[in-house]
Structures are given as structure tokens and as C-alpha cells.
Ligand SMILES: [Zn+2]
């Protein structure tokens, strides 16, 4: 997923849905390692433009709703920037507020503000999928064994055939 580290800036570009702000906490070790994490987004998030105060982008409510009540929570996967100090803001494109139904453009930014705490916030887990070490999967292992056995059988048959031919000659 494309992402850039940057400061919270006032939205100057309206060709997208409204930007939302989500604050999470992670243990200091996750930031110093640059861990990959999965973040479950709440249904309602703060409007990034007014930070909850109320503005045109959020119809004065200060909050934006990302999904219907019966929709499953959205999980965003991000890789934390390596940081020793904490308090970084990630700008994640196309994960923010929905555009008006009559507009063709995409969703706004998700501004993810990451602070350090003893325990991760609710809905924040380390992403095991992205940190899996480079090893072969069981399927690949089985395929490699199958090929090795085929090659061994083939060579044995060839050897026996050669012996048989040699005996004949
Ligand atoms: Zn607002």
C-alpha cells in the first residue's frame, strides 16, 4: 500500500472524499522496528479538516461515517515508519471519508496519528502476514519433494535400462 509520512495539512484538494483522522497507540517497540500492523477502523472517525469542531466537509458534525451499521469493520494494513520518538502521522490514500454519491472521485485520506503506549489500542494488531519470513510454503515444499522423487525415479530407470543394454551388448 502506498503511503507517505507527513504532517497533517489542511485539505486543499476537494477532488476526493473528506479526510478523516484516527488516533492509535502502539508499543514503542513496534515503532522502533517499523512493524507492519492491521488497524480496524471504527465506523465513525473525526473529520480531519476541523478535528471534530465541525465544518462544511462533515456537515458541522465533526465526524464522518465510513460504513453502514451492518457492514463489517474495515481493516487497513500499514507499515509503521521506523521512529524512536513516536507521534507520527501516516497519510493513507483512499481510506478516508466517502465522496458524495453523485461525485466520481475516490475516498479521502486517512490520517493515522500513531502515539506510543504500553499496549496497542483496541483494533490494532501486528500484521503477521507481512512479516512472514521468506520461507517456502508447505505446498511449495510438497511440489519440490514430488519433483525430486520423479527425478530420482527417472534416473534409476535410466540407469537400469543402461545396465540392461550393457548386458545385452
Ligand atoms: Zn469537519
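The values are calculated or read from the model by the stated rules, or taken from the named source; none is laboratory data. This structure is a prediction, so every number in the text was calculated from the model and none was measured. Note that each Cβ is placed from the backbone with ideal geometry, even for glycine, and that neighbours are counted across all protein chains shown.
Looking only at segment 119-169, count how many residues are at pLDDT 85 or above and over 30 Å from residue 76 (Cβ atoms). Give the steps one after another, and end with the answer.
So the first thing to find is which residues in segment 119-169 are at pLDDT 85 or above, and the list is 119-127, 141-166.
Right, trim to over 30 Å from residue 76 (Cβ atoms) and you get 141-166.
Here the count works out to 26.
For segment 58-74, how many residues are within 16 Å of the ligand (Cβ to nearest atom) and loosely packed, with under 12 Cβ neighbours inside 10 Å?
1
Among the residues of segment 76-90, what is the count of those that are at pLDDT below 90 and part of a strand (DSSP E or B)? Show your work before the answer.
Step one: list which residues in segment 76-90 are at pLDDT below 90, which gives 83-87.
Filter again for part of a strand (DSSP E or B), leaving none.
Of the residues in segment 76-90, 0 are at pLDDT below 90 and part of a strand (DSSP E or B).
Answer yes or no as to whether residue 55 is surrounded by 14 or more Cβ atoms within 10 Å (Cβ to Cβ), without any contact (Cβ under 8 Å) to a residue 40 or more places away in the chain and within 16 Å of the ligand (Cβ to nearest atom).
Yes, satisfied.
Please tell me if residue 95 is more than 15 Å from the ligand (Cβ to nearest atom), within 13 Å of the chain's Cα centre (by Cα) and in a loop (DSSP other than H, G, I, E, B).
Judged against the criteria, residue 95 is a match.
Pick out the one residue from 83, 46, 121, 77 that is touching a residue at least 60 places away in the same chain (Cβ under 8 Å), surrounded by 14 or more Cβ atoms within 10 Å (Cβ to Cβ) and either in the same structural domain as residue 15 (by TED's automatic domain parsing) or within 16 Å of the ligand (Cβ to nearest atom) (or both).
One residue alone meets the criteria, 121.
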